[in-house]
């Protein structure tokens, strides 16, 4: 279990690394948008080739549908609680609002990071860590940390608190890896499939609500090209081994 926690810490450390980069390099809005686009592409790849596909192979369509729905609803409810209220538009409808404080990215990192690193821990049951899963988690976490830290600093959050929050998420995710190895893996394929699908649903909702709109708004049309680059690189990593 200790080894699983260690590998979980390696995977989630990119959240803190990204936060440090975001606070020290102070990237421009455009660069931040392009980074978010790259991260979105990597996450789409992880959803497609590491989470939903494996969940379906393990337990079929029922577990996949239940997990996706639960994950999406969990992020939606959480996002409604942490994101700022949207302004009212015509006919009293809420207009799309982007959370510039970084709280939504922090919540999204926690929501997808815990199930993902728990799944990472279960790969140790084969005798060695799943390198593609490890690489995909590390790669997709980095832009989330950068974008979240930039948003928090611009909204007035102190550097110490930013590091505390992202470091806390990293430690929680590392612990989840140990839990995945020691507990969840013994619950059977159906439980692992639900966990993977839950993570996929939460991440997919986060991408649609927060990451992709922010990437386009800040990075312009070029963010679409960078998204494809992130997807391609993460996919190539998933084929290693």
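Throughout, read-outs are computed from the coordinates displayed, never taken from laboratory work. The structure displayed is predicted, hence computed values, not measured ones.
Brief remarks on what is shown
- The stretch 130-241, relative contact order in percent, only Cα pairs under 8 angstrom and at least six apart counted: 55 percent
- Set against the 2.2 N^0.38 Å expectation for a compact globular protein, the stretch 32-79 has a Cα radius of gyration ratio of 1.36.
- Annotation: the stretch 130-240 has a Kirkwood hydrodynamic radius of 16.2 angstrom, from the mean reciprocal C-alpha pair distance.
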